[in-house]
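Asker: I have a structure I would like to understand better, so I am pasting it below and will then ask my questions one at a time.
The values are calculated or read from the model by the stated rules, or taken from the named source; none is laboratory data. Because the structure is a prediction, the values reported are computed rather than measured. Cβ sites come from the backbone with ideal geometry, for glycine too, and all protein chains shown count toward neighbours. Heavy atoms of the whole protein, side chains included, go into the accessibility calculation; ligands, DNA and RNA do not. Shrake-Rupley method; radii C 1.70, N 1.55, O 1.52, S 1.80 Å.
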Amino acid sequence: MAYGISRPEAFALLQDHVKTPNMLKHCLASEAVMRALAEHLGEDPEKWGLAGLLHDLDAETHTDLTVHTIETARILTGRGLDAEIIEAIRLHNETAHPGEKRSTPFHHLLAAGETITGLIVATALVYPDKRLASVKPKSVRKRIKERAFAAGANRDIIRECEVAGIPLAEFCDLCLVAMQGIAGDLDL
Ligand SMILES: [Fe+2]
């Protein structure tokens, strides 16, 4: 348990705070994406996976973007979670932290990775069988260019993958494959 909280403890904590199935699935998708991105860059999948899994711990109780992540950081600090993970989680929502900016690949890829999960789900849902397995990598890339499609997925934040050194097309492919790997958990 290198980061203060084990994965089973983190998942139990998440279930204490996040109740809606779709939000839980979003957290699991973010975990899978972060693990894949860490493996791609030679970083630690356990560390990056915990960031993905726990990043929206207060999303149901603190929906206002000017405060979202503040309660999460308080809870996770109390639980002894690794400070770098807490920092990445705080900064995935810069709106709650005026004057602070994402500055490392870990910060940028948590923000970009959790954001693209929604767009990938939306892409799967327009296929006739609504299955992630049917989604082609080029469809995700095409949908990113369509501003009106899954408009809630901020394209500027998705493009932060490039600041972290991963070209957008490669980022889309990595995230899609990661989510396809847990399609059963996502009911897709
Ligand atoms: Fe999120």
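Asker: Please determine whether any residue of the stretch 14-31 is more than 15 Å from the ligand (Cβ to nearest atom) and surrounded by 19 or more Cβ atoms within 10 Å (Cβ to Cβ).
Answerer: Within the stretch 14-31 (the criterion being more than 15 Å from the ligand (Cβ to nearest atom) and surrounded by 19 or more Cβ atoms within 10 Å (Cβ to Cβ)), the answer is no, since none of the residues qualifies.
Asker: Quick one: in the stretch 166-186, of everything that is hydrophobic (A, V, I, L, M, F, W, C) and in a loop (DSSP other than H, G, I, E, B), which residue is farthest from residue 134 (Cα to Cα)? Reasoning before the result, please.
Answerer: Filtering the stretch 166-186 for residues hydrophobic (A, V, I, L, M, F, W, C) gives 166, 168-169, 171-172, 174-179, 182-183, 186.
From what's left, in a loop (DSSP other than H, G, I, E, B): 166, 182.
On the way: 166: 24, 182: 14 Å.
The qualifying residue farthest from residue 134 (Cα to Cα) is 166.
Asker: Another one. Would a scan of the stretch 52-69 turn up a residue that is more than 26 Å from residue 172 (Cα to Cα), away from the ligand (no atom under 11 Å from the Cβ), crowded, with 21+ Cβ neighbours inside 10 Å and more than 17 Å from the chain's Cα centre (by Cα)?
Answerer: No, that holds for no residue.
Asker: Please go through the stretch 126-165 and pick out each residue that is outside any loop (DSSP other than H, G, I, E, B), surrounded by 12 or more Cβ atoms within 10 Å (Cβ to Cβ), in contact (Cβ under 8 Å) with a residue 12 or more places away in the chain and not polar (S, T, N, Q). Walk me through how you get there before you give the answer.
Answerer: Of the stretch 126-165, the ones outside any loop (DSSP other than H, G, I, E, B) are 132-134, 137-145, 155-158, 160-163.
If we keep only those that are surrounded by 12 or more Cβ atoms within 10 Å (Cβ to Cβ) too, we end up with 132, 134, 137, 139-144, 155, 157-158, 160-163.
Still in the list and also in contact (Cβ under 8 Å) with a residue 12 or more places away in the chain: 132, 137, 139-141, 143-144, 157-158, 160-161, 163.
Within the stretch 126-165, 132, 137, 140, 141, 143, 144, 157, 158, 160, 161, 163 qualify.
Asker: Quick check on my filter: what residues within the stretch 166-188 are among the aliphatic types (A, V, I, L, M), under 15 Å from the mean Cα position of the chain (by Cα) and open to solvent by 30 Å² or more (accessible area, probe 1.4 Å)? Break it down into steps so the answer makes sense when it comes.
Answerer: Step one: of the stretch 166-188, the residues among the aliphatic types (A, V, I, L, M) are 166, 168-169, 174, 176-179, 182-183, 186, 188.
Now narrow it down to the ones that are under 15 Å from the mean Cα position of the chain (by Cα): 174, 176-179, 182, 186.
Listed by number, the residues that qualify are 174, 177, 182.
Asker: Within the stretch 87-100, identify whether any single residue is part of a helix (DSSP H, G or I), within 19 Å of residue 171 (Cβ to Cβ) and either in contact with a helix residue (DSSP H, G or I) (Cβ under 9 Å, 6 or more places away or on another chain) or more than 16 Å from the ligand (Cβ to nearest atom) (or both), and answer yes or no.
Answerer: Pass one, the stretch 87-100, residues part of a helix (DSSP H, G or I): 87-91, 94-96.
After this cut, where a residue has to be within 19 Å of residue 171 (Cβ to Cβ) as well, the list is 88, 91.
Subsequent filtering for residues that are either in contact with a helix residue (DSSP H, G or I) (Cβ under 9 Å, 6 or more places away or on another chain) or more than 16 Å from the ligand (Cβ to nearest atom) (or both) retains 88, 91.
Within the stretch 87-100, one or more residues are part of a helix (DSSP H, G or I), within 19 Å of residue 171 (Cβ to Cβ) and either in contact with a helix residue (DSSP H, G or I) (Cβ under 9 Å, 6 or more places away or on another chain) or more than 16 Å from the ligand (Cβ to nearest atom) (or both).
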